[in-house]
Amino acid sequence: MAKPISRTWIWQFDSPAGRVWPLLADTARFNEAAKLPLHDIEETPRPDGSVLYMAQARKGPFQLVWEEKPVNGVSGEWFEHCREFRKGPLKSLCAEFK
């Protein structure tokens, strides 16, 4: 089995968070710019009142299936958004803005 690879990118901006927020918090725009495939999301209510969001898409030869975690954050200040993969070459993919 291949050794897992981890990558982290950190950018710092001279502008305050509120000024760059509209650009960086637009995750749909980032998905499109990164040429990530359009995906379907299935919402399944859970007995505890929460909702399971499962998504799937195809990228090249890979069928991707992942749990879409709810976005956590404070508007205009910070956010974190993670995907935990159940199928495909990735284990997880997270974006944070702090």
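The values are calculated or read from the model by the stated rules, or taken from the named source; none is laboratory data. These numbers come from a predicted model, not from an experiment. Glycine also receives a Cβ, built like all others from the backbone with ideal geometry; neighbour counts cover every protein chain displayed. Areas reflect the complete protein model, heavy atoms only, side chains present, ligands, DNA and RNA absent. Shrake-Rupley method; radii C 1.70, N 1.55, O 1.52, S 1.80 Å.
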Open item on the list: If you consider only alpha-carbon coordinates, what radius of gyration and Dmax does the chain have, in Å?
Closed with: 15.3, 46
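Can you give me the relative contact order of the stretch 38-98 as a percent, contacts being Cα pairs under 8 Å and 6 or more apart?
Details: 113 pairs, mean separation 13.9, N = 61.
Computed value for the stretch 38-98: 23 percent relative contact order.
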Open item on the list: How high is the relative contact order of the stretch 1-67? Use alpha-carbon pairs under 8 Å, at least six apart in sequence, and give a whole percent.
Closed with: 18 percent
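Roughly how big is the chain's charge dipole about its Cα centre, with Cβ charges of +1 (Lys, Arg) and -1 (Asp, Glu), in debye to the nearest 20? It would help to have the intermediate numbers written out before the result.
Numbers: 14 positive and 13 negative charges, 110 e Å.
Charge dipole, the chain, about its Cα centre: 540 debye, nearest 20.
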Open item on the list: Out of the total accessible area of the chain (probe 1.4 Å, heavy atoms of protein only), what percent is carbon and sulfur?
Closed with: 55 percent
TODO: Pull up all non-local amide H partners of residue 39: gap of 5 or more, or a different chain, and H-to-H distance under 5 Å with H placed in the peptide plane.
DONE: none
Task: Karplus 3J(HN,Hα) series, Hz, for the stretch 79-96 with 6.51 cos²θ - 1.76 cosθ + 1.60 (x for Gly, Pro) - done: 7, 9, 9, 10, 10, 10, 7, 9, 8, x, x, 9, 9, 7, 9, 10, 10, 10
TODO: May I ask you to rank 66, 9 by accessible area, largest first, using a 1.4 Å probe over the protein chains only?
DONE: 9, 66
